[in-house]
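Notes follow the structure.
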Amino acid sequence: MTFIPAKWPRKLRSQEWYGGNSRDTIYHRGWIKNQGHPDDLFDGRPVIGIMNTWSDLTPCNGHLRELAEKVKAGVWEAGGFPVEVPVFSASENTFRPTAMMYRNLAALATEEQMRGQPIDGAVLLVGCDKTTPSLLMAAASTDLPSIVVTGGPMLNGYFRGERIGSGTHLWKFSEAVKAGDMTQEEFLEAETSMSRSSGTCNTMGTASTMASMAEALGMALSGNAAIPAVDSRRRVMAQLSGRRIVQMVKDDLKPSDVMTKPAFENAIRTNGAIGGSTNAVIHLLAVAGRVGVDLTLDDWDRCGRDVATIVNLMPSGDYLMEEFFYAGGLPVVLKRLGEAGHLHKDALTVSGETIWDEVQGVQNWNEDVIRPVDNPLTPQGGIAVLRGNLAPDGAVLKPSAASEHLLKHRGRAVVFEDIDDYKARIADEALDIDETCIMVLKNCGPKGYPGMAEVGNMGLPPKVLKKGITDMVRISDARMSGTAYGTVVLHTAPEAAAGGTLAVVENGDMIELDVEARRLHLDISDDELASRLASWTPSHEQRESGYEWLHQSHVMGADTGADLDFLKGCRGSPVGKDSH
Ligand code: FES
């Protein structure tokens, strides 16, 4: 990509607030001077908003205020004026009904904070799952120069000598307790071993995946994704990013220059190579929708299909983010993709260099953590996009997290109308279910839950677990935690609450899954399906007011990224009228 930097010096948007000597200017400038800023800070230098998703209730981002200080140092060094701006922080492990419902609200709020205030460029200080896509969406919609700095992953967890991964082992241990293989006391003992430092989940869960997506898109400096949260190099990365954003503003290097279709294709292939979270599908579709790139579910299948998973990290593999960093991190993966012909090498990054310039000289320090392409963890590591009468608009499955013997399966549906129905009946010994059945969960999509909860990897019935069975085919319109695994069909669209076929699946129906053929079929006649759909009425709870109402009324399907319909697109950063 040929990028031609803008001329410098020139008048920046922040000067609409701080430049000149009018009454309005003094109103804006005079008040902020109460923080002790000298006159020359308002001389036209770039004002950099450090959009900080720190919150005590977002523990994965709990260290971002310290990191913001390093970003500020970098901005000062490069001649900019840093301002730290707290933004909506959607914590994965705290928000109810689900952080996903607030991703769009966070994106909306951050977008308006960037546009409505005297900011020339932004450092997106993110970490926990939704914080990264929400701020990328905001940056895409304003198209102000922006750079991502993630908080970095936690150090490895260990329990009784065994390496344990955030989330991944929580699911494993809770199933072990249900199966009688682990005591409740042992389960509680494991809790404290899991999160032993600041940072995000240490598996290749959604947070690490989205950090990798930001880097593969070119929106973060090379090497950002894997540096542990507590490593001194994380702070160096923050400082260097602070320096870099000042030059990006001077050059007018914008998200739309970086997040092009080739950049998204690089990210999709990277997701396959790292064995990344299915949540990346929804988030990248939403970010693309904001920046005006025509990205579809079919691009996910097309681009990811021939990409082998070479990163041996949980939940699919053995290691954790700390080892990924020691092995060389994402630049090694990007180099491998480039060597295999799977990378648009000329995609521009926030450094001003191409992605290939950034990674071609790196070295792999551990070939068991980042495997050679001819000895992958999974030969086909992409996201499979399934279609058929059960998912006319698509559904997704992560083959690398699924069981080989279930990738082609025909089974009897056992239906749960919603998550409460599932919880009420799953442990019932009288439930008519065995390991050959297909578990179907409805009303957990963007409208139905509302917010599309991470419940798609619903636990197996205890009576099946006790037989030593650890996986069954599960189908829903929900999402799945990036730390989870199993033969789990997700994001089924249209969702049940929108009247998709999923809504009319009945107990005893036969369902066919064929991942190789990308097929998901409800085995009833077309006439029967039409008749059931004609008599269907919604059963999910419809909210009457507040943000939940706004979300339910305007959220789009998972197949297009589950953004709110009125937020799609890039609105730029026009400077509004002054009100004084
Ligand atoms: Fe926040 Fe995993 S729950 S990063």
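Within the range 166-186, none of the residues are in contact with a strand residue (DSSP E or B) (Cβ under 8 Å, 6 or more places away or on another chain) and of a type in the set (A, V, I, L, M). Filtered by the rule that a residue be open to solvent by less than 90 Å² (accessible area, probe 1.4 Å) and under 39 Å from the mean Cα position of the chain (by Cα), the range 23-41 gives HIS28, ARG29, ILE32, LYS33, GLY36, HIS37, LEU41.
Each row is one residue, and each column tells you yes or no for (1) among the acidic types (Asp, Glu); (2) part of a helix (DSSP H, G or I); (3) touching a residue at least 60 places away in the same chain (Cβ under 8 Å); (4) more than 19 Å from THR98 (Cβ to Cβ).
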{"residue": "ALA413", "(1), (2), (3), (4)": "no, no, yes, yes"}
{"residue": "ASP428", "(1), (2), (3), (4)": "yes, no, no, yes"}
{"residue": "LYS447", "(1), (2), (3), (4)": "no, no, yes, no"}
{"residue": "GLY459", "(1), (2), (3), (4)": "no, no, yes, no"}
{"residue": "THR470", "(1), (2), (3), (4)": "no, no, yes, yes"}
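For beta carbons closer than 6 Å, sequence separation of 6+ or different chains, a first residue in the range 54-68 that is without any contact (Cβ under 8 Å) to a residue 24 or more places away in the chain and of a type in the set (D, E, K, R) and a second that is part of a loop (DSSP other than H, G, I, E, B) and open to solvent by 30 Å² or more (accessible area, probe 1.4 Å), the qualifying pairs are ARG65/TRP54.
All conditions in (1) under 30 Å from ALA78 (Cα atoms); (2) within 16 Å of the ligand (Cβ to nearest atom); (3) in a helix (DSSP H, G or I); (4) among the hydrophobic types (A, V, I, L, M, F, W, C) hold for ALA280, with the sole exception of (1). Considering the range 374-397, the residues that are within 25 Å of the chain's Cα centre (by Cα) and open to solvent by 30 Å² or more (accessible area, probe 1.4 Å) include one that is modelled with the lowest pLDDT, namely GLN380. Please work out which residue is nearest to LEU407 (Cα to Cα), limiting yourself to the range 471-506 and to residues that are small (Gly, Ala, Ser) and at pLDDT below 95. Per the criteria, the residue is GLY486.
Does the range 230-245 include one or more residues that are open to solvent by less than 10 Å² (accessible area, probe 1.4 Å) and within 16 Å of the ligand (Cβ to nearest atom)? Outline the logic, then answer.
So in the range 230-245, the residues open to solvent by less than 10 Å² (accessible area, probe 1.4 Å) come out as 234, 238, 241-242, 245.
After this cut, where a residue has to be within 16 Å of the ligand (Cβ to nearest atom) as well, the list is 234.
Yes.
Please enumerate the residues belonging to the range 458-474 that are over 18 Å from ALA424 (Cα atoms) and either of a type outside the set (Lys, Arg) or crowded, with 23+ Cβ neighbours inside 10 Å (or both).
We begin by selecting, within the range 458-474, every residue over 18 Å from ALA424 (Cα atoms); these are 466-473.
Residues satisfying the conditions are GLY468, ILE469, THR470, ASP471, MET472, VAL473.
Of the strands (runs of 3 or more DSSP E) lying entirely inside the range 481-541, those carrying at least 2 residues that are open to solvent by 10 Å² or more (accessible area, probe 1.4 Å) are 510-514, 519-522.
Among residues of the range 80-96 being of a type in the set (A, V, I, L, M) and buried (at least 22 other Cβ atoms within 10 Å of the Cβ), the one that is farthest from the ligand (Cβ to nearest atom) is VAL87. Do the conditions hold for ASP294, that is, is it in contact (Cβ under 8 Å) with a residue 24 or more places away in the chain, outside any loop (DSSP other than H, G, I, E, B) and surrounded by fewer than 22 Cβ atoms within 10 Å (Cβ to Cβ)? No. In the range 48-62, the residue that is farthest from the ligand (Cβ to nearest atom) out of those that are farther than 22 Å from LEU144 by Cα and surrounded by 20 or more Cβ atoms within 10 Å (Cβ to Cβ) is SER55. Flag: ARG371 does not match the condition of being of a type in the set (Lys, Arg), within 30 Å of VAL505 (Cα to Cα) and in contact (Cβ under 8 Å) with a residue 24 or more places away in the chain.
Of the residues SER316, SER222, the single one that is in contact with a strand residue (DSSP E or B) (Cβ under 8 Å, 6 or more places away or on another chain) and either open to solvent by 10 Å² or more (accessible area, probe 1.4 Å) or without any contact (Cβ under 8 Å) to a residue 40 or more places away in the chain (or both) is SER316.
The values are calculated or read from the model by the stated rules, or taken from the named source; none is laboratory data. Only a predicted model underlies this, so the values are computations on that prediction, with no experimental measurement involved. Note that each Cβ is placed from the backbone with ideal geometry, even for glycine, and that neighbours are counted across all protein chains shown. For the accessible areas, the whole protein counts, side chains as well, though only heavy atoms, and no ligand, DNA or RNA atoms are used. Shrake-Rupley method; radii C 1.70, N 1.55, O 1.52, S 1.80 Å.
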